1. Given the conditions (1) farther than 28 Å from Lys99 by Cβ; (2) in a loop (DSSP other than H, G, I, E, B), and given that Arg166 satisfies all but one, which numbered condition is not satisfied?
2. Considering only segment 144-171, how many residues are in contact (Cβ under 8 Å) with a residue 12 or more places away in the chain and under 24 Å from Ile196 (Cα atoms)?
3. In segment 128-142, how many are buried (at least 16 other Cβ atoms within 10 Å of the Cβ) and either within 14 Å of the chain's Cα centre (by Cα) or in a loop (DSSP other than H, G, I, E, B) (or both)?
4. Go through Lys159, Lys186, Lys233, Lys219 for me and flag whichever is farther than 21 Å from Ala113 by Cα, surrounded by 12 or more Cβ atoms within 10 Å (Cβ to Cβ) and of a type in the set (Lys, Arg).
5. Among the numbered conditions (1) closer than 19 Å to Thr39 by Cα; (2) of a type outside the set (Asp, Glu); (3) assigned to a loop (DSSP other than H, G, I, E, B), tell me where Gly83 comes up short.
6. Could you please let me know if Val64 is surrounded by 22 or more Cβ atoms within 10 Å (Cβ to Cβ) and more than 16 Å from the chain's Cα centre (by Cα)?
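The values are calculated or read from the model by the stated rules, or taken from the named source; none is laboratory data. Every value quoted in this text rests on a predicted model; they were computed, and no experiment measured them. Virtual Cβ from ideal backbone geometry, glycine too; neighbours counted across all protein chains shown.
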Amino acid sequence: MKQSHNIALILAGGTGERMRASVPKQFMEIDGETVLLHTMKAFQQHPLIHEIYLVCMPEWESFVRNEAKKGGIDKLCGIIPAGESCYASACNGIEHLAKTVKEPDAIVLVHDAVRPLITQDIISRNIAVCLTHGNAITALQSHEAYLVTQDGNTSDAFKPREGLMRAQTPHTFPLATLRQMMKQAKEQGISKSQSIFTLAGELGIAPLHIAQGDLRNFKITEQSDILIYRALKTMEE
């Protein structure tokens, strides 16, 4: 594999309203460890990840630094202020990397902090696919058909499972590509997008190449997800 400088950009700026907890879900302590620390450890442990940057609300910066110190996360190179949305936070992170990272060909893995069970294989596949094809989107083949709805209560159409994949993170691109995407988005007046990969679609970047995901790499969103996380984390240990 071609050698590259690989950076994890972890998005931890969410407020976690759907969780209805006293702290954002990425900062929740579950069985003695915060969700965020577990996520950071995955990238810390991977030999091909050289730097970790984290995006969070400024009032949580000291907490994050303490967590990193407690967990031995010595690859953490910077904490970047979050924006008002996930998209804005991603933009802040990319703009910061564009100004500070010296390696123009660096590969950036943009990952949700609330996907703490990302595997080492997913990280490896993202780097390999991106180096080979120019981008990598973590995804899983869908096992279910999907209803199409406008109001969440009724449906008059469906999409068969064949040809559908569920996107996860990381979304992985060369830093130069991400910089160009941010520039084009501003020029086109795009200020909101669900994710980096949906932004790529809006900008007409194709094809997007699949890095095989894993069911364990799920997003902690609701209270019931904590039970799943606990069970899977115990199996991991």
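1. Every condition holds for Arg166 apart from (2).
2. The number of residues fulfilling the criteria is 11.
3. Within segment 128-142, residues that are buried (at least 16 other Cβ atoms within 10 Å of the Cβ) and either within 14 Å of the chain's Cα centre (by Cα) or in a loop (DSSP other than H, G, I, E, B) (or both) number 5.
4. Matching residue, one of Lys159, Lys186, Lys233, Lys219: Lys159.
5. Gly83 satisfies all of (1) closer than 19 Å to Thr39 by Cα; (2) of a type outside the set (Asp, Glu); (3) assigned to a loop (DSSP other than H, G, I, E, B) except (1).
6. yes
Residue-by-condition table, conditions (1) modelled with pLDDT under 95; (2) in a helix (DSSP H, G or I); (3) surrounded by fewer than 18 Cβ atoms within 10 Å (Cβ to Cβ):
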| residue | (1), (2), (3) |
| --- | --- |
| Gly14 | yes, no, no |
| Ser22 | yes, no, yes |
| Gln26 | no, yes, no |
| Thr39 | no, yes, no |
| Tyr53 | no, no, no |
| Trp60 | no, yes, no |
| Lys70 | no, yes, yes |
| Asp74 | no, no, yes |
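Quick grid of which residues meet (1) in contact with a helix residue (DSSP H, G or I) (Cβ under 8 Å, 6 or more places away or on another chain); (2) at pLDDT 95 or above:
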| position | (1), (2) |
| --- | --- |
| Ala145 | no, no |
| Thr149 | no, no |
| Thr169 | no, yes |
| Ala211 | yes, yes |
